[in-house]
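Q: Please find one structure pasted underneath; my questions will follow.
Each value in this text was obtained by applying a stated rule to the coordinates, not by laboratory testing. These numbers were taken from a predicted model, which means no experiment stands behind them. Cβ placement follows ideal geometry from the backbone for every residue including glycine, while neighbour counts extend to all protein chains displayed.
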Amino acid sequence: MVTQYKPIKVTPLSRFVGAEVSGVEIARGLSDQQFLELRQAFVKHSVIFIRNQNITPDEHIEFAKRWGEISVNRFFQAVDSHPVIAEVRKEAHQKLNIGSTWHTDHSYDQVPAMGSILYARVVPKLGGDTLFSSMYAAYEHLSDGMKNTLLRMRAEHSSRHAFGEAAYIGLDEVEGRLSNAAEATQDAVHPVIIKHPLSGKSALYVNGEFTVKFEGWSKEESQPLLDYLYSHAYKNEFTCRFKWTQGSLAIWDNRATQHCALNDYDGEQRLMHRITISGGCLEPSRS
Ligand code: SIN
């Protein structure tokens, strides 16, 4: 049943990225007008958060399909009987968490994900927050000289080092959380500065987890510039921090943000369900 139309309330969390949205109950369905407003908030703030949702995996999937086609993650453990939902899980006895290096989801795919919808099922009493950074702000605050250099460049992204056989060796910890190492074979080349398909704005598109090097450059040549770009892109002032409560849901734009899951809750469980939404090929920005 779709609820009667009520305008949603959008409260920004920081200057450049993130907003909390209230007035939405996903389990009851959203009217077209409410969904339009949610989409506008998503485009404007790049990541939106909705608290106190009580949704089943089927409702999560139904909601995700309103945003686009689902892109199934091939490395994360899937939820039993719902193979399109990826589990982001850390048990109390495990030390490593998933997603602790700044990244954007699926940048190793030739057609990377447009967004991700993460739903909190079990959260630690304290910790386990997620940081988001605005790649529009990162681009905007570069010098004109650096912008002009990067506008002509492309970078190579890969899942091999993160999810391939070599990444798994000796890591009992990934048991039951990550699999399909043999499928970590696809590499992708994307513009370093993309033109965002929804906003038309320029955004920095290299990330600390999956970007390997610049096209036509060696790894040794690439790393110093990549390191500079990361230290710039993840500056506190371009970020927001979300403190999860059970039942919170985040919808982020993988082409306008990067995120990093904090691993500061040893001894406690954290379990999130993630659905990733397909995007299109990325176009270079011209300015
Ligand atoms: C992810 O990197 O997709 C997961 C983020 C999180 O667990 O907060």
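Q: What does the charge count around Gly128 come to, taking other residues whose C-beta lies under 11 Å from its C-beta (Lys +1, Arg +1, Asp -1, Glu -1)?
A: My count for the surroundings of Gly128 gives 0.
Q: Choose one answer from His273, His190, His161: the residue with the largest mean-square fluctuation in a GNM of the chain with alpha-carbon springs under 10 Å.
A: Of His273, His190, His161, the Gaussian network model singles out His161 as fluctuating most.
Q: Let me ask another. Which value, in debye to the nearest 20, describes the size of the charge dipole of region 9-284 about its Cα centre when Lys and Arg Cβ atoms bear +1, Asp and Glu Cβ atoms bear -1, and nothing else is charged?
A: That gives a dipole near 740 debye.
Q: Now for a separate question. What is the sum of charges around Ser14, taking Lys and Arg as +1, Asp and Glu as -1, for the other residues whose C-beta is under 14 Å from the C-beta of Ser14?
A: +2
Q: List the trypsin sites (Lys or Arg not before Pro) within region 127-180 that DSSP assigns to loop and that have no more than 12 neighbouring Cβ atoms inside 10 Å.
A: Passing both the DSSP loop test and the Cβ count: Arg152.
Q: Then there is this: To make sure I understand the rule: partners must be lysines, Cα under 20 Å from the Cα of Lys147, and not fewer than 8 residues away in the same chain. Which ones qualify?
A: Lys195, Lys201, Lys213, Lys235
Q: Right, another one. Report the gain in length on full extension from Gln110 to Lys243: 0.36 nm times residue separation, minus Cα-Cα distance, nm rounded to one decimal.
A: Taking Gln110 through Lys243 to full extension adds about 44.7 nm, to one decimal.
Q: With springs connecting C-alpha atoms under 10 Å apart, model the chain as a Gaussian network and identify which of Lys235, Lys44, Lys213 has the largest mean-square fluctuation.
A: Judging by the Gaussian network model, the answer is Lys235.
Q: Using 0.36 nm per residue of separation minus the Cα-Cα distance, give me the extension gain between Arg286 and Lys125 in nm, one decimal.
A: 53.4 nm
Q: Calculate the spin-label point distance for Ser81 paired with Asp32, positioning each point 7 Å from the Cα along the beta-carbon direction, and give it in nanometres.
A: 3.4
Q: Normalised by the residues of region 9-284, what does the relative contact order come to in percent, with Cα pairs under 8 Å and at least six apart?
A: 37
Q: While we're looking at this one, here's another question. Find the centroid of the Cα atoms in region 232-266 and in region 57-97, then give the distance between the two in whole Å.
A: 17
Q: Now a separate question. If R₀ is 30 angstrom, what is the calculated FRET efficiency for the pair Asp58 and Thr101, using the beta carbon separation as r and rounding to 0.05? Don't jump to the answer; show the numbers that get you there.
A: Values: r = 32 Å, r/R0 = 1.06.
Result of the calculation: an efficiency of 0.40.
Q: Given only helices, namely DSSP H runs of n ≥ 4 each adding -39500 (n - 2.57), what is the per-residue ellipticity at 222 nm of the chain, to the nearest 500 deg cm²/dmol?
A: It lands at -5500 deg cm²/dmol.
Q: Which of Lys44/Lys95; Lys9/Lys125; Lys65/Lys243 have a Cα-Cα distance over 30 Å? Present the calculation step by step, with values, prior to reporting the outcome.
A: Working: Lys44/Lys95 36 Å; Lys9/Lys125 27 Å; Lys65/Lys243 26 Å.
Cα-Cα > 30 Å for Lys44/Lys95; rest within.
Q: Sticking with this structure for a sec: So how far apart, in nm, are the two label points at Lys6 and Ala162 if each is 7 Å from Cα heading toward Cβ?
A: Result for the modelled spin labels: 3.8 nm.
Q: If you take the C-alpha gyration tensor of region 9-284, multiply each eigenvalue by 5 and take the square root, what semi-axes do you get, largest first, in whole Å?
A: Rounded to whole Å, the semi-axes are 27, 24, 17.
Q: Now, a different point. Between Gln223 and Leu262, how many nm apart are label points set 7 Å from Cα along the C-beta direction?
A: If labels sit at Gln223 and Leu262, their model points lie 2.9 nm apart.
Q: For an R0 of 45 angstrom, estimate the FRET efficiency from the Cβ-Cβ distance between Leu151 and Arg74 and round to the nearest 0.05.
A: Once rounded, the FRET efficiency stands at 0.90.
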